[in-house]
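Structure first, commentary second.
The values are calculated or read from the model by the stated rules, or taken from the named source; none is laboratory data. Keep in mind that what you see is a predicted model, and the values were worked out from it rather than measured. Please note: Cβ atoms are built from the backbone with ideal geometry, for glycine as well, and neighbour counts cover all protein chains shown. What goes into the accessible areas is simple: the full protein's heavy atoms, side chains included, and nothing from ligands, DNA or RNA. Shrake-Rupley method; radii C 1.70, N 1.55, O 1.52, S 1.80 Å.
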Amino acid sequence: MDVSEQEQELQTILSDTFCFYNDPTKRYILKLNNSALIITLLLNNNRQDKNYQNLNVNGNDDEQRITNMPATLSSSTLVISTDDIYGCLCMRSKKQESQDCHLTIYLYSSTKKTFRQTMQRSSKTYTYQKYADFNQNYVEMMKWHESIRRIIDLKKNIPRDLVPKRAKRTLVFINPAGGAGKAYKLFMEHVAGIFFEAEMPYHVITTGNHAGHARDCVQSMNLNDWYGIILASGDGLVYEVINGLLSRPDWLQALQLPIGHLPCGSGNALITSILRCSKQIPMVSLEEFVIQAAVLITTHNVVPMDMAIIDTIDGQRLFSFLSVEWATIADVDFESEKYRFLGETRFTIEVLKHILHPRVYDGYIDYLPYENSDSSTTISNNYSSISSINQLQRHLFPLNEEIKIDDNSKWRRINGPFLHVLITSKPCISKDVISAKQSTLADGYLTLQYVRSGVSRVNLAKMFIGISTGKHFDYNFVEWLPMKAFRIVPNATEGNIMVDGEKVPYGPIQGEVLPNIARCMGKLPNDQR
């Protein structure tokens, strides 16, 4: 940011005098600029409010994020970064015959709790009573409301094609079976209020009327009626909706709808990846995690994300937003389904079982290496010229045709047997598993990782422990590489292969990365906005 941009950020947009809600003896000057809301207590007889001495709303040093904030502010000044504001409402006083108007600011900011830093939702309400007429007070408060909303919207940096749709509703699918049956309750108790405070219009559809309910809805919906799609569920509903969108004749336009994810399931990989790519750590409790995701959605940036096109042995063509699993990790994923009621704990139970009794999978993996100089990361610019889903495959061969591995081919082969094979397009495959720490939402490649047979149970345990933090790549027995396309060919006829947590017919399977083809409701780190 150059000097002129910094000056523009710090230029005061609005300034006025307010009193504290329900306490007219406390009066404040509020100043708004693009970077911060600055609240200064007007001192009376040298009395200072202890809550406003050298504090900002974060309770830490986050005010340093407000570049070159003037150093002449008094000791009774509160600085609220506009990055922490997700909503603003104007309301009339409930007192009879009162002409006052209240301005409420809704915040989600960092705060210190015992031994740890966490995020907390809060609000601050100030009363405006400059005029003896409510309508005059309301007109002034609407100026504040509109300015704060404009700042929030500008920070979103919405793509030009979505600007005409930003006032339209967002379609919310709630899987009532998600989160051990708590998804609907989580939404109503922790999300609906945040969406109201952020003035975010939405329409809810509760899935479960029949198998593929959400898929049927997105196949038939009018794209012009909606800004985007939000899924209050685990990763299964994300997979269903994405494949529904890609089964439409206008699939490319459908994929321009940004997808938001509320963690109301047992995996929650998409929102975890979104948060980690925005340099946020997912909250520990499910309720705090849901609130964190809801606030991110209300202030989101539209972020591109990679997917993969997948061919299975039975002729299906699928679209993966997350992963393809084979060997032990696929066994863990599939066989933990019977413990779904335990939530994320189900994976831990199965991991322990398979460490004690690991199964070896024989076969081979063919792959097309990715190179840093590869131009496929800009392939999204060419999607508009594609008229058919079949044209998305640029590197794959028919599944029944053997891939030639020789000096004239760029394809390479890895022979088994294997204990662990995982292919991902995102950094996380669940809240507790950072499968590819180096990965982003849209880096233009798939990450292949594998462990060959012969590794001890102790080392297999080390891998599963390390994968919770992404440190498993530090072990030399965990091999990994970036690639553009792959084919897995098992030797046996029975076993487990999972695509985005869904079991597919066992046998040869292949896939190819689709860079930047879809959009999600994410958040760019501050240094990338």
Exercise for review: For residues that are part of a helix (DSSP H, G or I) and open to solvent by 70 Å² or more (accessible area, probe 1.4 Å), tally how many sit in the range 177-212.
Suggested key: 5
Review point. At pLDDT 95 or above and either open to solvent by 10 Å² or more (accessible area, probe 1.4 Å) or within 17 Å of residue 320 (Cα to Cα) (or both), is that true of residue 497?
Key: yes
Review point. So, of the residues in the range 58-112 that are of a type in the set (Asp, Glu) and at pLDDT 75 or above, which turns out to be nearest to residue 18 (Cα to Cα)?
Key: 100
Check your understanding: Quick check: is even one residue across the range 269-281 surrounded by fewer than 24 Cβ atoms within 10 Å (Cβ to Cβ) and on the phi > 0 side of the Ramachandran plot?
Key -> yes
Revision key, fill the gap. Contact list, first residue from the range 119-137 and in a helix (DSSP H, G or I), second anywhere and surrounded by 17 or more Cβ atoms within 10 Å (Cβ to Cβ) and among the acidic types (Asp, Glu), beta-carbon distance below 9 Å, six or more apart or interchain, is 134/100; 137/100
Check your understanding: So, in the range 242-257, of the ones that are in a helix (DSSP H, G or I) and either open to solvent by less than 50 Å² (accessible area, probe 1.4 Å) or of a type in the set (Val, Ile, Thr) (or both), which residue ends up nearest to residue 382 (Cα to Cα)?
Key -> 252
Exercise for review: Please tell me if residue 429 is under 30 Å from residue 285 (Cβ atoms), open to solvent by 10 Å² or more (accessible area, probe 1.4 Å), outside the structural domain of residue 294 (by the TED database) and part of a strand (DSSP E or B).
Suggested key: yes
Exercise for review: Quick one: in the range 215-241, of everything that is of a type in the set (A, V, I, L, M) and more than 17 Å from residue 263 (Cα to Cα), which residue is surrounded by the most Cβ atoms within 10 Å (Cβ to Cβ)?
Suggested key: 218
Check your understanding: Counting only residues that are more than 19 Å from residue 261 (Cα to Cα) and assigned to a loop (DSSP other than H, G, I, E, B), which one in the range 152-171 is most open to solvent (accessible area, probe 1.4 Å)?
Key -> 157
Review point. So which residues in the range 400-421 are open to solvent by less than 40 Å² (accessible area, probe 1.4 Å) and either in a loop (DSSP other than H, G, I, E, B) or out of contact with any Ser or Thr (no Cβ under 6 Å at 6 or more places or on another chain) (or both), if there are any at all?
Key: 403, 409, 411, 414, 416, 418, 421
